[in-house]
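Okay, structure first, notes after.
The values are calculated or read from the model by the stated rules, or taken from the named source; none is laboratory data. Computed from a predicted structure; not experimentally measured. Positions of Cβ are generated from backbone atoms using ideal geometry, with glycine treated the same way; all protein chains shown enter the neighbour counts. The accessibility values were calculated without ligands, DNA or RNA, using every heavy atom of the protein model including side chains. Shrake-Rupley method; radii C 1.70, N 1.55, O 1.52, S 1.80 Å.
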Amino acid sequence: MENYNQTTYFILLGLFPSSRIGLFLFILIVLIFLMALFGNLSMILLIFLDTQLQKPMYFLLSQLSLMDLTYISNIVPKMAYDFLFGNKSISFIACGIQSFFFLTLAGAEGLLLASMAYDRYVAICFPLHYPIRISRRVCVLMIIGSWIMGSINSCAHTTYALHIPYCRSKAINHFFCDVPAMLTLACMDTWVYEYTVFVSTTIFLLLPFTCIVFSYGRVLLAVYRMHSTEGKKKAYSTCSTHLTVVTFYSAPFAYTYLRPKSLRSPTEDKVLAVFYTILTPTLNPVIYSMRNKEVMGALRRAIQRICSVQM
């Protein structure tokens, strides 16, 4: 029987079929990846350089862009390399590292989205208390807390995955090292891990999502009582933007990880994973910039400065 000490590599079966459709999907994913790199890097630089965006809300948004940038860079380059060169193997250690970063970023992003919802809740419902409740120091603590809690959760899951015996095929039916997909190759009962997945998903996804819904419920109630039409419009725009991002990220994640093992299929898991590993990191900067007048204003000022320097 083969155990984890003898398992030196895995084979990622990937996302793309070996056909023209596969080539088309590969080109599409690469273009989406480049859009994500450009969009998130632009958002980070814009918030860092523009003085009018030096606010807690945008500081949190820049961290979301940083997470998304790291998130998609952890998945797509390896997937593209495998498709181009036909070498789908990944070492045991590299698989563990990829899984660790994926789980860290997934958990940290869920908590960060909850922090962003709390920021908007305080800004709209308690505007006079906002400078005290949401200071730069509080933002830094929320961000550090998100990273630390995500890392601790990820470390526990990855350590478990690297210390169980694998005695079946080395082929992981996924396009990255997703721990549940890895454990289908284990030669032991993994019901304990399946329980911890449910607990972790509840803590890092369902609880933040519940807090976000509660926060925006209070926000919408406060907005409803406003007399300013412009204030209502701005608040509704902010809420709808954030809820769109959260739903697009959380729904596929929850559907994938809260289902019993017997109801999951590799093909469905891979399709759903595209949403929260590739599409969401690409759409986040687009949604936040297109629906935000301050960000668009900062972008226009940056373009004008670049044009003036070239002239």
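A few comments on the model shown:
- Placing a pseudo-label 7 Å from each Cα along the Cα-to-Cβ vector at ILE306 and HIS129 gives an inter-label distance of 4.2 nm.
- A protection proxy built from the mean count of other Cβ atoms within 10 Å ranks the segments 19-26, 49-56, most packed first, as 49-56, 19-26.
- Region 1-102: C-alpha gyration tensor shape, a/c 1.5 cut-off, then a/b vs b/c: oblate
- Full extension of the segment from ILE97 to ILE144, taken as 0.36 nm per residue of separation minus the current Cα-Cα distance, would add 14.9 nm.
- Degrees separating the helix 56-73 axis from the principal Cα axis of the chain, which is the longest one: 20 degrees
- Using the Cβ-Cβ distance between LEU34 and TRP191 with R0 set to 41 Å, the FRET efficiency works out to roughly 0.50.
- Taking the C-alpha atoms only, the angle from helix 293-310 to the longest principal axis of the chain is near 90 degrees.
- Pairs of lysines in the chain whose Cα atoms sit within less than 14 Å of one another amount to 4, provided the residues are eight or more positions apart or on different chains.
- Per residue, the chain reaches -24000 deg cm²/dmol at 222 nm when only DSSP H runs of four or more residues are counted, each adding -39500 (n - 2.57).
- Among the protein heavy atoms of the chain, carbon and sulfur supply 71% of the accessible surface, probe 1.4 Å, non-protein parts ignored.
- Packing-based order for 212-219, 276-283, 186-193, using average beta carbon neighbours within 10 Å, highest first: 276-283, 212-219, 186-193
- All alpha carbon pair distances within the chain were sorted into 20 Å bins beginning at 0; the resulting P(r) in whole percents reads 30, 53, 16, 1.
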